[in-house]
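To keep things clear, I will list the structure first and then write my remarks on it.
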Amino acid sequence: MKKTVILSVFIISAFFSVAQSKNMKIIENDSTLIIKMENINFNIHFKYSIDILEKLGPIFKSTLLKNTDAEYKQLIVKNIKTQLERYPTSILEFLPTTFYITDQIYNSTIKSSTYTGMYLEHTIYLNCINLSHLKETFHHEIFHNFLAYLDYDELNINVQAIQAETKVNINSLYDTGYVSSYAVTNTGEDLAELFTTLMINKNSDYPSLTIFNYIAKNPNSILANKVKYLIETLQENFSDDFNYKLFENNLNIQ
């Protein structure tokens, strides 16, 4: 789950034409747009308002997407498509295939507590009232989907062991082993923020310092060791295509 900070943007051609890469095409069906990649349908739902996580204590709610303009929906879908294209085909089967687009996601018991995205049971909810952070939110919630396949307790122990390493010359948050202030919340959010930063090579807290530049200059740092552990974990549990080359290739994708 990402608190008010992140989201992504997307567009398809004016006539919903077939996309070129990865056997992808967009299919329009009333309130749902389908992105088809390698025989996998990614369903983007627009006309909905729903109570989320009703069984888990605080009730999370969403508000109906107000802007139902066709061009706006196309913009969202195009950006989702762009983000999906960052993933090798070997990884697509592990991605959630259902996305709900809304204006707002909030905790009904704390109205001021809003979220830009949420993951629940292989479904991602995206707050699209503001598209500026949609790209970050997309990958952040994708990683929460990966967490559903992993042993969280083991991850937590290993990440905390890395985090406990001696910190030297602390000049930025990177030097403490974190990529954002939100990453400090817990191991799940820490790795989700780190994964997002690797996927888009951009960080809201440090826009001028890429994570790859930092690691190159600080190969023995906590952050470098955490990145190494994250990549090894992704390779072991999902695909060897999760590697430095994949993340570095994403540098050229907007």
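The values are calculated or read from the model by the stated rules, or taken from the named source; none is laboratory data. It should be emphasised that the depicted structure is a prediction, and the values quoted were computed from it without experimental measurement. Don't worry about glycine lacking a Cβ; one is built from the backbone with ideal geometry, like all the others, and counts go over all protein chains shown.
Only helices (runs of 4 or more DSSP H) whose full extent lies in the stretch 79-190 are considered here, and the ones with at least 3 residues that are charged (D, E, K, R) and modelled with pLDDT of 85 or more are 134-147.
Which of the residues spanning the stretch 228-245 are of a type in the set (S, T, N, Q) and in a loop (DSSP other than H, G, I, E, B)? Talk me through it step by step, then tell me what you get.
Start the filter on the stretch 228-245 by keeping residues that are of a type in the set (S, T, N, Q), which leaves 233, 235, 237, 239, 243.
Within the stretch 228-245, S239, N243 meet the criteria.
Taken as a whole, the stretch 152-170 holds at least one residue that is over 14 Å from N225 (Cβ atoms) and acidic (D, E). Screening E141, E189 for residues that are closer than 23 Å to P88 by Cβ and of a type in the set (D, E) leaves exactly one candidate, E141.
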